[in-house]
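Notes to accompany the following structure.
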Amino acid sequence: MTAEAWFETEEFLSGLLCPPDPDLARALHVSEQADLPAINISPLQGKQVSFLAKMVGARRILEVGSLAGYSALWLAKTLPQDGCMVTIENNPLHAVIAADNIKAAGFDDRVEVRLGNASEQLALLVAEKVEPFDFFFIDADEHNNVTYFESCLQLSRPGSVIVFDNVVRSGEVRNLGTSNGAVRATQRLLELVGGSDRVDGVVFQTVGKRGHDGMLAVRIC
Ligand code: DHB
Ligand code: MG
């Protein structure tokens, strides 16, 4: 199959399964207008992640890497009225745009955008002894995914699920000799998850608009 076929197949599937949503459309439009990198998850991936959050019955969600707030909106839409979500973003412009998209969709009562370095922000949340989160979506600088994972463990409870984007990278993940630091970090993360009896993990490989990639879902035992 070609990349074009993957793209068209995803268009077909999202056409059937992801009904038009003005809040999500607005977030993508604003993102494009502001020239943000077009590395947001695709609509079908948005549905995949929010589907998992719903299955967990997530009331408290933590995201790392808000970008324009597109995935945050997918996730926020799964929250109950009294649920809450924190999304961490290191880029001040991205954080402003994300907060604006979240406010425009009416979720600013439930979703807080925290500007700052994610490792520091996660350490702050740990120090604040906040209630555990039920669901995590990590879609940021993959170099730091092991650090993020360790913080998420401290912010979780048995049954919580942590999802990491971009763990396959066109199959680059299987290249143990890679010089790509992000991929090496993913390999370390997978080894940690596979070798731990505190957590269970699986990778959902995806092909589509974002090429060949995958998400690692980790469940705390
Ligand atoms: C890219 C894609 C992503 O999902 C991401 O989080 C970062 C970068 C990319 O295609 O470059
Ligand atoms: Mg990503």
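Tabulated data for the structure shown
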| read-out | value |
| --- | --- |
| Scope the range 201-221; condition over 16 Å from LEU13 (Cα atoms) and modelled with pLDDT under 95; matching residues | none |
| Filter pass, LYS54 being part of a helix (DSSP H, G or I) and under 12 Å from the mean Cα position of the chain (by Cα) | no |
| Pick from the range 159-171, criterion within 14 Å of ligand 2 (Cβ to nearest atom) and not in a loop (DSSP other than H, G, I, E, B), ranking: surrounded by the most Cβ atoms within 10 Å (Cβ to Cβ) | PHE164 |
| Check on SER156, surrounded by fewer than 21 Cβ atoms within 10 Å (Cβ to Cβ) and modelled with pLDDT of 95 or more | no |
| Any hit, the range 203-211, residues being in a strand (DSSP E or B), under 18 Å from the mean Cα position of the chain (by Cα) and of a type in the set (S, T, N, Q) | yes |
| Residues of the range 122-145 satisfying the condition of being acidic (Asp, Glu) and open to solvent by less than 40 Å² (accessible area, probe 1.4 Å) | ASP134, ASP139, GLU142 |
| Flag if GLU63 is outside any loop (DSSP other than H, G, I, E, B), surrounded by fewer than 18 Cβ atoms within 10 Å (Cβ to Cβ) and not hydroxyl-bearing (Ser, Thr, Tyr) | no |
| Residue within the range 174-183 that is charged (D, E, K, R) and either touching a residue at least 40 places away in the same chain (Cβ under 8 Å) or crowded, with 18+ Cβ neighbours inside 10 Å (or both) present | no |
| Pair list, Cβ under 6 Å, 6 or more apart: the range 133-145 residue small (Gly, Ala, Ser), other residue more than 10 Å from ligand 2 (Cβ to nearest atom) | ALA140/VAL64; ALA140/ALA118 |
| Residues located in the range 205-221, provided they are of a type in the set (S, T, N, Q) and either within 12 Å of ligand 2 (Cβ to nearest atom) or surrounded by 20 or more Cβ atoms within 10 Å (Cβ to Cβ) (or both) | THR206 |
| Complete set of residues in the range 68-103 that are of a type outside the set (S, T, N, Q) and open to solvent by 30 Å² or more (accessible area, probe 1.4 Å) | TRP74, LYS77, PRO80, ASP82, CYS84, PRO92, LEU93, VAL96, ALA99, ASP100, LYS103 |
| Matching residues, the range 19-49, being part of a loop (DSSP other than H, G, I, E, B) and within 18 Å of the chain's Cα centre (by Cα) | LEU36, PRO37, ALA38, ILE39, ASN40, ILE41, SER42 |
| Tally, over the range 82-131, of residues that are small (Gly, Ala, Ser), under 25 Å from ILE39 (Cα atoms) and not in a helix (DSSP H, G or I) | 3 |
| Every pair of residues 6+ apart whose Cβ atoms lie under 8 Å, when the first sits in the range 43-61 and is within 18 Å of GLN81 (Cα to Cα) while the second is assigned to a helix (DSSP H, G or I) and of a type in the set (Phe, Trp, Tyr) | SER50/TRP74 |
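The values are calculated or read from the model by the stated rules, or taken from the named source; none is laboratory data. Keep in mind that what you see is a predicted model, and the values were worked out from it rather than measured. Quick reminder, even Gly has a Cβ in these numbers, built from the backbone with ideal geometry, and neighbours come from all protein chains shown. Ligands, DNA and RNA are excluded from the accessible area calculation, which covers all protein heavy atoms including side chains. Shrake-Rupley method; radii C 1.70, N 1.55, O 1.52, S 1.80 Å.
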